[in-house]
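The values are calculated or read from the model by the stated rules, or taken from the named source; none is laboratory data. Please read these numbers as outputs of a predicted model, since none were measured by experiment. Note that each Cβ is placed from the backbone with ideal geometry, even for glycine, and that neighbours are counted across all protein chains shown. Ligands, DNA and RNA are stripped out before the accessible areas are found, and what is left, the full protein with its side chains, is counted by its heavy atoms. Shrake-Rupley method; radii C 1.70, N 1.55, O 1.52, S 1.80 Å.
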Amino acid sequence: MADAPLVYNMKQILNYINGALQPPESGRFLDNVEPATGQIYSLCPDSDHLDLEAAIKYAQAAQQSWTNTATEKRARILSQIADLIDQNADRLAAAETVDNGKPITFSKAVDIYRAAANIRFFAHAITQFSSESHSMENTAINYTLRDPIGLVGCISPWNFPLYLFTWKIAPALAAGNTVIAKPSELTPMTAYLFSELCIQAGLPAGVLNIIHGRGTTIGAAITTHPAIKAISFTGGSQTGTVIKKATAEQHKKLSLELGGKNPTLVFADCDFNHTVQEVARSAFANQEQICLCGSRIYIEQSIYDHFVNALVDEVEKLNVNDPLLPETHFGALVSEAHMNKVLFYIKLAQEEGGQILTGGHQVHLNGRCRNGFFVEPTLISGLTNQCRTNQEEIFGPVATVQSFKNEEEALTLANDSMFGLACSIWSQDVNRCHRLAKQVEAGIVWVNCWLLRDLRTPFGGTKASGLGREGGQEALRFFTEPKNICIRYG
Ligand code: TXE
């Protein structure tokens, strides 16, 4: 086992308010546990309304000046922050792996790389952001203003801590809003390190305020505060419902990126070896703690046995180990509670009639990770589509396999879900792929690929998977208010 760097041993994470790092007013902190060891390694502020009121005061004081800052200057400051992320990539990746439990190679190649890319993308996109005019010949001219909303709230989850945090705050800041952001209390570290980079980059005080703490206390306070005009949230569908209800009477603008239970449709004419590898990756990347993971795998009957055997072999190559080791493919789950939730679903799947094809157990490592939260990647067959295992989001290393006879049955199985986030289709028949992609109930469809991302595209889902879209122009339009002005002449 690697002698892991003692990253921030018992470090007190601080809030970032009015351009300064400061403890919560209450002086209360939450224990922050390293998933790979099960040990408390740092302390997260347990912020409350006193911290929120202070942040709102300073954000409002900074609002006009930030809105009036030239777009190019806002873009330049954001680009400087992105450059600092790149310069600190190794330190941020190590911190992400310690805080979340994901493999260091994944933190570096995906999380931290994408955090810088998110900021750089919106620093450029805002300089290209335009609106429209509509001419009523010889009568009037209409033009649309898209001004920043003002003070907005961004609440992000633990599965991609810095990646999804920057995915929200970048368009919000680029569009000229001031922001109050709350990362997950399970993974606060990289947002804290990010605030140090914001200070270094010269982001004006009060423009971005990062308040750490529990979702049910400070998170709820942010979503319902009347001074905060819009909320961008990523997290569980249940929490999304709570936020919708809590803000209903305020008619607050909401962007909700929620859960998923995504189908993978594998046809007999797929590129077999490539599809086996990619379906295994889409099922178990990030310990399957990705809302886009393909956890319901449907395989055409004629290749079912052959494909399932090959898939089991592929999954069994995944090395479950200390996430700080470069050779590790599969790290720890984010918390003991989440590990127990996953183990509950594995037991439930067997009670529902499922057969474990591979995995199914908690992994007990030696050395520094002996008390870590590790579960084997688990593949289960023999379940119906209607069982809880196939209907509920587990968000952990559990995927199921089922067969289908034809395209119609594949589509019916895929759409038989309360969720509608993503889907992947594996077939060389281009007409079929277009036909199915059109009919599948999802916001994102990949054909012969998975998680291939163009940041300009709309990102989000339907049904219980969310409300609205992030990404590209969608994000900039969410964080601005359209106003049509009609001027009569002649
Ligand atoms: O999410 P929560 P959790 C799913 C996944 C997971 C489940 C619960 O199924 O098992 O959600 O995960 C803050 N008002 N996804 O518990 O609770 C919270 O502090 C305001 C899918 O981590 O939704 C955190 O910052 N904020 C998702 C954030 O919301 C509240 C990724 C997410 O926490 C709040 C993560 C409240 N009442 C989980 N309650 C995806 N789509 O990728 C909590 N929070």
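Report the full-extension gain for the segment residue 21 to residue 246: residue separation times 0.36 nm, less the Cα-Cα distance, to one decimal in nm. Contour length minus the Cα-Cα distance gives 78.0 nm. For residue 299, the residues whose modelled amide H falls within less than 5 Å of its own, excluding neighbours fewer than 5 places apart on the same chain, are 266, 402, 403, 404. For residue 30, the residues whose amide H sits under 5 Å from its own are 44, 46, ignoring neighbours fewer than 5 places away on the same chain, with H placed 1.01 Å from N.
Rolling a 1.4 Å probe over the protein heavy atoms of the stretch 1-121, with every protein chain left in place, gives an accessible area that is 52 percent carbon and sulfur. Here's how it looks for residue 363: its modeled amide H is under 5 Å from those of 374, 375, 376, which are all 5 or more places away or on a different chain.
Using a 1.4 Å probe, what is the accessible area per residue for the chain, in Å²? If you can, show how the numbers build up before the last one.
Details: 19160 Å² over 490 residues.
Result: 39 Å² of accessible area for each residue.
Label-to-label distance, residue 337 versus residue 199, with points set 7 angstrom from Cα along the beta-carbon direction: 3.0 nm. In terms of its Cα atoms, the stretch 263-454 spans 53, 35, 31 Å along the principal axes, sorted from long to short.
For the chain, what is the relative contact order in percent, using Cα pairs closer than 8 Å and at least 6 residues apart in sequence?
Working: 1124 pairs, mean separation 93.3, N = 490.
Taking the mean separation of contacting Cα pairs over the length of the chain, I get 19 percent.
Within the P(r) computed for the chain, what percentage of the Cα pairs occupies the region above 45 Å? Of all Cα-Cα distances in the chain, 14 percent exceed 45 Å. Fully extended, how many nm does the chain gain between residue 488 and residue 344 (0.36 nm per residue separation, minus their Cα-Cα distance)? Between residue 488 and residue 344, full extension yields an extra 45.3 nm.
The calculated FRET efficiency for the pair residue 430 and residue 113, based on their C-beta separation and a Förster distance of 45 Å, comes to about 0.90.
Sequence-ordered 3J(HN,Hα) estimates for the stretch 356-365 from the Karplus curve with 6.51, -1.76 and 1.60 and θ = phi - 60° stand at 6, 8, 7, x, x, 10, 6, 9, 9, 8 Hz, glycine and proline given as x. For the residue pairs 57/253; 73/108; 261/347; 168/463, the C-alpha atoms sit more than 26 angstrom apart in 73/108. Rounded to the nearest 0.05, the FRET efficiency derived from the C-beta distance between residue 147 and residue 456 at R0 = 25 Å is 0.65.
May I ask you to give the percent of accessible area on the stretch 131-267 that is carbon plus sulfur, with a probe radius of 1.4 Å? All intermediate terms of the calculation are to be shown ahead of the outcome.
Values: 2250 of 4070 Å².
Within the stretch 131-267, the accessible surface is 55 percent carbon and sulfur.
With a cut-off of 18 Å on the backbone N, the residues of the stretch 310-327 near the modelled label site 7 Å out from residue 370 along Cα-Cβ are 321-323. Residue separation of residue 301 and residue 408 scaled by 0.36 nm, minus their Cα-Cα distance, works out to 37.2 nm of gained length. FRET efficiency for the pair residue 64 and residue 12, taken as 1/(1 + (r/R0)^6) with r the Cβ-Cβ distance and R0 = 41 Å, rounds to 0.75. Only protein atoms count toward the accessible area here, which uses a 1.4 Å probe; on the stretch 433-485, the carbon and sulfur part of that area reaches 55 percent.
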